[in-house]
Amino acid sequence: MKKFIISALSIIMGFLIGGLVLKLSGISPLEAYQVMWEGAFSQPNYISYIIVRSTPLILTGLSVAFAFRTGLFNIGAEGQFIIGALTASYLGFHFNFSPWIQIPLVMILATMMASLYGGLSGFMKARFGVHEVLSTIMLNWIALYFSNYAVFIDGFRRPNMETTEFINESTSIGILSKWKVSDAGLEWLSNHEFWSSFMRPPVNAGIFIALIAVIVVWIILNKTAFGYKLKAVGFSPAASEYAGINTKMKVTQAMMISGALSGIAGATHVMGVSNNVAVLAAHEGYGFDGIAVALIGSNNPFGVLFSGFFLGALKYSGQKIQSTLEAPSEVIGIMIGAIIFFIAIPSIFNFVTKSWRKNP
Amino acid sequence: MNEMMFLFSTTLMYSTPLIFTALGGVMSEKSGVINIGLEGMMTFGAFAASWVAITQNNPWLGLLAGGIAGVLLAFLHAVASIKFKANQVVSGMAINFLGSGLAIFFCRIFFDGASMTPPLDLEKKIPAFFNQYATVYIAFIVTLIIWFTFNKTRFGLRLISAGEHPKASGAAGINVAFYRYAGVLSSGFLAGIGGGSLSIAIVSNFRPTLISGQGFIALAAMIFGKWNPVGTLFACLFFGFSQALVVFIGGFEGLQVSSQLLATLPYVLTLIILVGFMGKTTAPSALGQ
Amino acid sequence: MLALELKNISKTFGTFKANNQINLAVNSGEVHAILGENGAGKSTLMKIIYGEHLPDAGGEIILRGAKTVIQTPAHAISLGIGMVHQHFRLVRPFTILQNIILGIEPKNFLGIIDYKKARKRIEEIIQTYNLDLDLDQKIENVSVGTQQRVEIIKTLYRNAEIIILDEPTAVLTPQEIKVFYCIINNLKAQGKTIIIITHKLHEIKEIADRCTIIRKGEYIETVDVNTTSETELASKMVGRDVELVVEKTPALPDGKVVFEIQNLNVVNSKQHQCIKNFTFNLRAGEITGLAGIDGNGQSELVQALTGLRKVHSGKILINQKDITNLSPKKIYNNKLGCIPEDRQRVGLVMDFKIKENFVLQKIDERPFSKYGFIINRELTKFSNELITRFDIRPPNSELTAISLSGGNQQKIILAREIAQNPEVLIAFQPTRGLDVGAIEYVHRELIKLRDQGKAILLISYELDEVINLSDRIGVIHKGELWADIDHNTIMTNPKLKEDIGLYMAGGKPA
């Protein structure tokens, strides 16, 4: 409860500071926030865009939060995301089974690859004492350049493009994606304004996978002996070792699960939104945003769900002020930074609660 | 022989921003404050340096501005960490978001919505001597100064004591907070200059992808160099060398290595070295407390 | 003449009154002891004198006749007050010289430290007080006794006239304690005023002139040490009559050896052999003490016995079953319990609830979990039983361990280990930092367990504790079993303590 209040107060501070920066730059904060609000919620397709945008953020946020709960700082969600995405697009293009087999198969294999990739950092920490922050940073770059290399493999590369071939139709988790561009679909949608708008973005089943992941992670952390031991290792490695918990194994397992969650993020992104992988000049920021999501959600699975949607909405609506007001959308980055900054110093809010107590 | 010269000078070029930034990390962490926000300080510094160099027509003022920009962010981190006893890792992450957010935000404000600054004319860049930018020499001089400060001066002894045993320092009448502020602020200054040494020396403008992870690599170099200024210098040179190697090998004609695979080399090498040679860590005892 | 006088000093933290209307008058040139239990408010009082805490309004500090407000430690130092904390405040990677001058380093105009000048002054001090030190050694490489001398020189280097020492002998060997007493007498002879915080009665009798007793933050009285007996001091400290010696019936061992350590060799992370050819047996129904100075291999020994550290060679047997190099879990399941040295770091997960801490080793087992899912109801039931049986307060299994007092935290560990019904229990520093009541409780539980026929290995740096509780005593020195003293000798040797002290320091009694 206290953590929730701190997050809420931090978000308010984030908006205040974002407003201040806008004001100093000669842009009306009220106008900007109004544009953002309308840009986020005034049309059905905005909402579905936000859901689509939030899906990978919830999953990478969950990934980072899970690692945090076990005492690990996974900066490598970015690289694990890339591995998941790359595997999904590779297999989604090369395999072509019936969707009932294809989708779970591709999803599971992509998740496994990312899980191994994340687990590598855990293993290096457990076995060689290499700090996970260092190894995951290195692995992020290795994943990025490896993905760029893979995109250019003949037969996988889309001729003359800096992208891979599209995945087979059977791999898609898009919701009614074929129907909505068919004659029947177009006709039905033209008569139903709400759905026509809502279905415009690449609506896909990823959000349901993310919801399931949130629940599963919550159960693991709160209801299972396995989660109990992971948390024990996170809180106190020495006490866990003394109590007979294999801490090295737990560190590796925790990073594998964390990696798997980021891998699912990458896989759902390819299977539901992008349908292929492109050459990257720099990191897209899913992993970094995942850190923000985890921190704002105070590492609680349901908190992450909320903060994932919040960040998705913020990032989506932030684009609108660029196009409408010519105000830099990077104010969103400043706001996120400010929110996390205040989350880092919960003691700053103590005076708020104190003065409340004194003068109710 | 020319090839050796090429490797050598490319190594120095790539190492320089890392040396500044990693030394910044050393200053902060030796005083006891974790600084994971180097990346953000570098980014903001790179932008500020570029902006001032363009508007003032003076690269030295630009470099100074880069340092000051880093200090501004470092000040936030310092207040959070020292005054409010923040979670320093979280606060550092906040600085990373703030740094890149502020840099691109102001870039768009000052340069008509563009996310990169216009290129600097050659004569407005940091000048070069003997085929190397002046910042390269400065980086080595700064290393020397920090080594000297740590080993010979009162300031250095007190700064290290603040990071090793703040209670002991406090009991000895030392103002621990002062030395920690000094450590964190100087780390911001150095990281900002590190960013500037990229945007107004090695390349000639600021762009959003300019830093892309170098702050974190500097952090790795600092740990690899065991928080020791000279060790850190060599760690940065090693990393610069492996990047130079990428350029060098990539320059061979008819070589059948994908440039993308080759680009992973510095990171793979670093990982191998971390796995193979990461002995006992020697982090300051009170780091993060 | 009074060197220092405190009148009606109070200090409140939140709603907790750590000091309440305390009075203190210290004569110039005397050794004045402050006696009180753990948590009585001694350290708070000293921190007020040293400027680390500001007292509540209303009290007065009078220093050499002048009313003073001591703002900071730096201010206290400038007023000629020095303090040696219980946990030394030394920077481990620095040399002794660097540690002494830290904070008032002589320097030139460039800020470069003038080590030559500093060294000269320190050598003068060393000569004046006859202290023995190598200034270029790093703190991490010198003994605890040396570290204490460094702390004392630090205060002298700052021209302290009043020196406060917090629990100065807690970590010293009997021999080091003797050297320490000499140093105190030297300081006194040179006219320094000494304030010693302690809860050790014989120490007060040995060196103090007068003694002020505080209890639960309140001033009780100031007595002349020569005319007050140890028993009187003790009852004033605790507020009731106390037994200075643990009440225990003689052990009734059936002689059955249940735990054997045979030729154990253990190597530490620096490749240094920390346990050498260690052979030691425990019998059922006995408390076997292991005395020794901190850092002589006790930690490594316990780690090796509980499976946390690899045994290089040798064997560990429990009821003839070889448990050498088994995993901690398997060793635990073979009925070896352990109260670890560091309860907050190793014994408990401080952020876990009480009920979660009770099942740290057993979460995988029924009834606490089934098919991998935790059965919360069983956790609560189990912990409520233990909370009642061991009188853990407050009796709420949902509280986190961090919210409990040290004594109650130790009770959780004790309860958990005893509930497992171990054949052998290793108790490593089981009363460290506890107050008198909790210490008595832990001692009684250990004896109870002994009388149930269990074998107990008591490892402690407090020699008095080992002597009071043990039916047999081993001494560990530099990783070797240096002496093995049987029950008969313990009961009959009048010089037992001196002898053990000598063993601990690596000597042999003549």
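Values in this text are rule-based calculations from the coordinates and carry no lab data. Only a predicted model underlies this, so the values are computations on that prediction, with no experimental measurement involved. Glycine gets a Cβ as well: all are built from the backbone with ideal geometry, and neighbour counts include every protein chain shown.
What the Cα atoms of the stretch A:236-360 give is an Rg and a Dmax of 19.6, 60 Å. Amide H to amide H, with H built 1.01 Å from N, C:PHE259 comes under 5 Å of C:LEU282, C:ASN319, counting only residues 5 or more places away or on other chains. Phi-derived couplings, Karplus 6.51 cos²θ - 1.76 cosθ + 1.60 at θ = phi - 60°, listed residue by residue for the stretch B:91-104: 4, x, 4, 4, 4, 4, 5, 4, x, 6, x, 4, 4, 6 Hz, with x used for Gly and Pro. For the stretch A:185-286, would you read off the P(r) tail past 18 Å as a percentage of all alpha carbon pairs? Taking all Cα-Cα pairs of the stretch A:185-286, the fraction more than 18 Å apart is 65 percent.
Residues whose amide H lies under 5 Å from that of C:ILE275, counting only those 5 or more places away or on a different chain, are C:VAL266; hydrogens are built 1.01 Å from N in the peptide plane. Taking A:GLY227, A:GLY76, A:GLY244 in turn, the Gaussian network model of chain A (Cα-Cα springs below 10 Å) assigns the largest fluctuation to A:GLY244. Each residue of the stretch C:98-113 is assigned a 3J(HN,Hα), and the resulting list reads 4, 5, 5, 8, 3, x, 9, 5, x, 9, 8, 5, 8, x, 7, 6 Hz, derived from the Karplus form 6.51 cos²θ - 1.76 cosθ + 1.60 (θ = phi - 60°), x at Gly and Pro.
Stokes-Einstein diffusion of the protein assembly as shown at 25 °C, 0.890 mPa s viscosity, Kirkwood radius from Cα pairs, rounded to a whole number: 74 µm²/s. How would chain C be classified by its alpha-carbon gyration tensor: rounded, prolate or oblate, with rounded meaning a/c under 1.5 and the a/b versus b/c comparison settling the rest? Prolate, because a/c is 1.5 or more and a/b exceeds b/c. Measuring nothing but alpha carbons in chain B and taking Rh as the Kirkwood radius, the Rg to Rh ratio lands at 0.98. Cross-link pairs exceeding 29 Å in C-alpha to C-alpha distance, out of C:LYS7/C:LYS192; A:LYS231/B:LYS85; C:LYS47/C:LYS448; C:LYS116/C:LYS200, comprise C:LYS47/C:LYS448; C:LYS116/C:LYS200.
Here is how the number arises for the protein assembly as shown: DSSP H runs of 4 or more residues each give -39500 (n - 2.57), the sum is divided by the residue count, and the result at 222 nm is -17500 deg cm²/dmol. Ranking C:LEU79, C:ILE9, C:THR128 by how far each Cα lies toward the positive end of the dipole of the stretch C:1-134 (charges on Cβ) leaves C:LEU79 at the top. Taking Cα centre as origin and charging only the Cβ of basic (Lys, Arg, +1) and acidic (Asp, Glu, -1) residues, the dipole magnitude of the stretch C:395-478 rounds to 200 debye.
FRET efficiency for the A:SER190 to A:SER170 pair, using the beta carbon distance and R₀ = 35 Å, is estimated at 0.80.
With only Cα atoms counted, the stretch A:313-353 has Rg and Dmax values of 13.8, 40 Å.
For B:PHE75, A:PHE309, the sequence from fewest to most other C-beta atoms within 10 Å is B:PHE75, A:PHE309.
Of the chymotrypsin sites (Phe, Trp or Tyr not before Pro) in the stretch C:334-411, the ones in a loop by DSSP (not H, G, I, E or B) with at most 14 other beta carbons within 10 Å are C:TYR371.
Please enumerate, by chain and number, the lysines with C-alpha under 30 Å from the C-alpha of A:LYS320, excluding those fewer than 8 residues away in the same chain. Partners within reach: A:LYS23, A:LYS178, A:LYS180. Counting only residues at least eight positions apart within a chain, or on another chain, the aspartates and glutamates with an alpha carbon under 20 Å from that of B:LYS30 are B:GLU39, B:GLU164, C:GLU105, C:GLU140. Comparing A:PHE73, A:PHE194, A:GLY227 along the charge dipole axis of chain A, the residue lying farthest to the positive side is A:GLY227, per the Cβ-charge model.
In this structure, A:LEU30 and B:SER9 have a Cβ-Cβ separation that, at R0 = 56 Å, corresponds to a calculated FRET efficiency of about 0.55.
Quick check: the angle from helix B:229-250's long axis to the longest principal axis of chain B, C-alpha only, nearest 10 degrees? Rounded to the nearest ten degrees, it is 20.
Calculated from the alpha-carbon coordinates, the stretch B:1-119 shows an Rg and a Dmax of 16.3, 56 Å respectively.
Among the chymotrypsin sites (Phe, Trp or Tyr not before Pro) in the stretch C:253-344, none sits in a DSSP loop with a Cβ that has at most 15 other Cβ atoms within 10 Å. Magnitude of the charge dipole for the stretch A:199-313, about its Cα centre and with charges confined to Cβ atoms of Lys, Arg (+1) and Asp, Glu (-1), is about 300 debye. Please name whichever of C:HIS53, C:PHE88, C:ALA66 sits farthest to the positive end of the charge dipole of the stretch C:38-97, dipole taken about the Cα centre and charges placed at Cβ: Lys and Arg +1, Asp and Glu -1. About the Cα centre, the residue reaching furthest to the positive side is C:PHE88.
Annotation: aspartates and glutamates with alpha-carbon distance below 16 angstrom to C:LYS276 (same-chain offsets under eight excluded): C:GLU260, C:GLU300, C:GLU480, C:ASP484.
One quarter of the surface of the convex hull around the alpha-carbon atoms of the stretch B:91-244 equals 10.9 nm², the direction-averaged projected area. Taking every Cα-Cα distance in chain A and sorting them into 20 Å bins from zero, the calculated P(r) comes out as 28, 56, 16, 1 percent. Give me the distance between the Cα centres of the stretch B:123-188 and the stretch A:164-211, rounded to whole Å. That distance is 58 Å. Just to verify a number: FRET efficiency for C:SER269 and C:LYS497, C-beta to C-beta distance, R0 = 35 Å, to 0.05? Working from the Cβ atoms, E equals 0.55. The HN-Hα couplings worked out from phi for the stretch C:259-266 by the Karplus form 6.51 cos²θ - 1.76 cosθ + 1.60 (θ = phi - 60°) are 9, 10, 10, 10, 6, 6, 10, 10 Hz, whole numbers, x standing for Gly and Pro. Would you mind checking which residues have amide H under 5 Å from C:GLY474's amide H? H placed 1.01 Å from N; only 5 or more apart, or other chain. Amide H neighbours of C:GLY474, under 5 Å, 5+ apart: C:GLY289, C:LEU290, C:ALA291, C:ILE485. If only the Cβ of Lys and Arg carry +1 and only the Cβ of Asp and Glu carry -1, the dipole of the protein assembly as shown around its Cα centre is close to 620 debye. The spread of Cα positions in the stretch C:128-176, taken along each principal axis and listed from longest to shortest, comes to 28, 26, 19 Å.
Each part reduced to its alpha carbon centroid, the stretch B:43-101 and the stretch C:56-118 end up 36 Å apart. Roughly what angle does helix B:2-30 make with the longest principal axis of chain B, taking Cα atoms, 0 to 90 degrees, to the nearest 10? Here the helix axis deviates by roughly 20 degrees.
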